[in-house]
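See structure below.
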Amino acid sequence: MTTFVALGDSFTLGIGDPVRRPGGWDWRGWAALLAEGLREPRLHNLASSGAQSTDVERDQLPAALQLRPDLASVIVGLNDTLRAGFDPARVSAAAAHTVGALRAAGAEVLTMRLPDPGRMLGLPGSLARPLARRAHEVNAIMDAVAARFGTLHYDAAEDPATHDPAMWAVDRLHPSERGHRLIACRFHDQLAAAGLPTGPRPDPEPSSPPPTRLAEFGWLATKGTAWVVRRSTDLVPALLAMAIRERWSGGDPASATREHVATEPRAPQAQ
């Protein structure tokens, strides 16, 4: 039996990959698809929508350790980049503690470098640049954590397949079913290459037809609108301020922002 515990945010929760289950629609996602390719899988998806790195550390990690996982995934950071109070040092400390504690408990851990959210959203350059820097900082943090603790680390930021629009849902922040299947396949390949027990590779082709335009517009008109309102009152003013500072500093990102990567994440603490 392979106990697989998935930690993270809506990216791991499965948003963008709806499936019909008894009683209505639900999200499936890459973690469930990957679990199908494990030997005797037992999946526990602890991810929650909107979670930041500190939420994963505080709320999800203790529950994950109690489950004594053979395999765990820690994919987090996108929501951190989309918040006005972005703090790389806090992301670094939380990620190191979370991954380190899982590795110390004997779990193989999956981590991922995230695509640039500004590029995914198609933002204008003045707003996209601050987000690109944040994404780069989070990826540098996760690179350091992966190297330190020996995780299986998927580089979605540089994978050409992730830049295919078909891989993304209508909100351009969550993978479509095809995108979730891509992530599941990439992690399955890494597990197999590492000699870890696996079953059949997940099918990369979607099992459901793509959503209609009506369904996409319906999502944007309901949940999508709420997301835009929240981000417009939180992130957008901060990005505008950063863009103005960058313009007045002559385009020098270093003098336009104090954001930085913490080079020494704290060691994992006993749980």
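The values are calculated or read from the model by the stated rules, or taken from the named source; none is laboratory data. Just so it is clear, the structure is predicted and the values come from calculations on it, not from any experiment. Cβ atoms come from the backbone with ideal geometry, glycine included; neighbour counts cover every protein chain shown. Keep in mind that these areas ignore ligands, DNA and RNA; they rest on the heavy atoms of the full protein, side chains included. Shrake-Rupley method; radii C 1.70, N 1.55, O 1.52, S 1.80 Å.
In whole percent, how big is the carbon plus sulfur part of the accessible area of segment 1-126, probe 1.4 Å, protein atoms only?
Details: 2260 of 4720 Å².
On segment 1-126, the fraction of accessible area on carbon and sulfur atoms equals 48 percent.
Straightening the chain between Ala147 and His163 buys 3.2 nm, computed as 0.36 nm per residue apart minus the Cα-Cα spacing. Model label points for Trp25 and Ala193, set 7 angstrom from Cα along the Cα-to-Cβ axis, are 3.5 nm apart. Summarising the strand pairing of segment 1-159, around 20 percent of its internal DSSP beta bridges are antiparallel.
Diffusion coefficient (Stokes-Einstein, Kirkwood radius over C-alpha pairs, 25 °C, 0.890 mPa s) for segment 119-203: 168 µm²/s, rounded to a whole number.
Pairwise Cα separations in segment 65-208 fall into 10 Å bins from 0 onward with the following percentages, short to long: 11, 38, 36, 14, 1. Taking a ≥ b ≥ c as the square roots of the Cα gyration tensor eigenvalues, with a/c under 1.5 meaning rounded and otherwise prolate when a/b beats b/c, else oblate, which class fits segment 1-127? The shape class here is oblate.
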